[in-house]
């Protein structure tokens, strides 16, 4: 049984630790947040991820997965040490490496035998090199290898993405070490790419930047569709059937969010500019994404004129379905803009209410979609949770003061909503229609 230590019990670290334990390894997950560790020991996960709680509990009960707040309880016996701590954006969009640096120092202090240190966090190109130098400065006696192994999982599907990946990317100056890490994934039927450290680090940034570019591209097309009377959903479908293009990440909406794509595009833009490049495409991608967040207020203003004193219902607060993560969520900016315009906001989300209580103190948080609609002057869909796709829309209409629906994720068909008597507005599907009903 292989001994693995994972530092960091956030989204990436907890999924990595739990999945490796489920594959039969002995895993110790270390996090310096003692309250989080105590909660994990008692079976309380600090995040929502479908399937993860059950898998974590099963492997804890089997004795393959343990949690601790002390690196000396996980690092010394480990053959593989994964670093999976957060690298949030700094003041200028650069990756804040404070937690990563601290984790590397802790590992160096506890290292007492040869181990492979694996960068799982999304880190700037060149991190593998300075991690090697940092650990050598703090521990001159112990031999080790450094491998980059970026993760590509999607929140809400992280367990499935770990267990059924499209590819495994490994980068190192030590090919033998990379091959040992590859053996951890030997049961997976997917390509394993072994390259140098900097190329592996760049693959992660380039992948997320390309996904962001696709989303901003289709949102730019949606804006044009609105002006010219075309339907962006049909446009995206017609594009996606081209094998050269494909269908992924062509859903027009209120822009990308979350803890990964926004910060990775910012970080790549920063490091590119810092090294003399002119990343104008990446800057435009970010600008288009910001513009999408303004659409809700613009559309409502077109209808009402002023939003002062109105109550707006919001369905969906997490940045995407099947997660409670609100980092980079469109809802944060939408709510802020509505409140600035003088509107009161009611909201519901299937998973993110506990987090929203802290982040959105002025918002009236509701137990379901229908109580959110009741008494609201308009309803806005911000996150495309499945439960919103089968609502009793006749009931919703009767609960609203005005039958106004701004569909920020295009989950409904305009013709069907118009037939029900809604003034409907999607993204790239025309402005608010049937406004004469107001």
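Those residues that are outside any strand (DSSP E or B), in contact with a strand residue (DSSP E or B) (Cβ under 7 Å, 6 or more places away or on another chain) and farther than 23 Å from residue 261 by Cα, I need them from the stretch 330-346; list them, please.
If the condition is that a residue be outside any strand (DSSP E or B), in contact with a strand residue (DSSP E or B) (Cβ under 7 Å, 6 or more places away or on another chain) and farther than 23 Å from residue 261 by Cα, then 338, 339, 343 are the ones that fit.
Residue by residue through the stretch 392-417, note down the ones that are surrounded by 14 or more Cβ atoms within 10 Å (Cβ to Cβ) and either closer than 26 Å to residue 249 by Cβ or at pLDDT below 95 (or both).
405, 406, 407, 408, 409, 410, 411, 412, 413, 414, 417 - these are the residues of the stretch 392-417 that are surrounded by 14 or more Cβ atoms within 10 Å (Cβ to Cβ) and either closer than 26 Å to residue 249 by Cβ or at pLDDT below 95 (or both).
Collect the residues in the stretch 107-162 that are crowded, with 17+ Cβ neighbours inside 10 Å and over 31 Å from the mean Cα position of the chain (by Cα), keeping them in residue-number order.
110, 111, 139, 144
Please report, ordered by residue number, the helices (runs of 4 or more DSSP H) entirely within the stretch 1-91 with at least 3 residues that are outside the structural domain of residue 262 (by TED's automatic domain parsing) and buried (at least 22 other Cβ atoms within 10 Å of the Cβ).
Working: elements: 11-22, 34-41, 52-61.
Of the helices (runs of 4 or more DSSP H) lying wholly inside the stretch 1-91, those with at least 3 residues that are outside the structural domain of residue 262 (by TED's automatic domain parsing) and buried (at least 22 other Cβ atoms within 10 Å of the Cβ) span 11-22.
Can we say residue 328 is touching a residue at least 24 places away in the same chain (Cβ under 8 Å), closer than 25 Å to residue 271 by Cβ, crowded, with 19+ Cβ neighbours inside 10 Å and not assigned by TED's automatic domain parsing to the domain that holds residue 156?
yes
Among what's in the stretch 357-405 and is in contact with a strand residue (DSSP E or B) (Cβ under 8 Å, 6 or more places away or on another chain), part of a helix (DSSP H, G or I) and in contact (Cβ under 8 Å) with a residue 60 or more places away in the chain, pick the residue that is nearest to residue 292 (Cα to Cα).
The selected residue is 388.
Of the residues that sit in the stretch 152-175 and are in contact with a strand residue (DSSP E or B) (Cβ under 9 Å, 6 or more places away or on another chain) and in a loop (DSSP other than H, G, I, E, B), which one is farthest from residue 81 (Cα to Cα)?
The extreme case among them is 167.
Just checking, does the stretch 347-356 include any residue being farther than 30 Å from residue 51 by Cβ and part of a loop (DSSP other than H, G, I, E, B)?
Checking the stretch 347-356: not a single residue is farther than 30 Å from residue 51 by Cβ and part of a loop (DSSP other than H, G, I, E, B).
The values are calculated or read from the model by the stated rules, or taken from the named source; none is laboratory data. Everything quoted here is computed from the prediction, not taken from an experiment. FYI the Cβ positions are ideal-geometry reconstructions off the backbone, even for glycines, and counts take in every protein chain you see.
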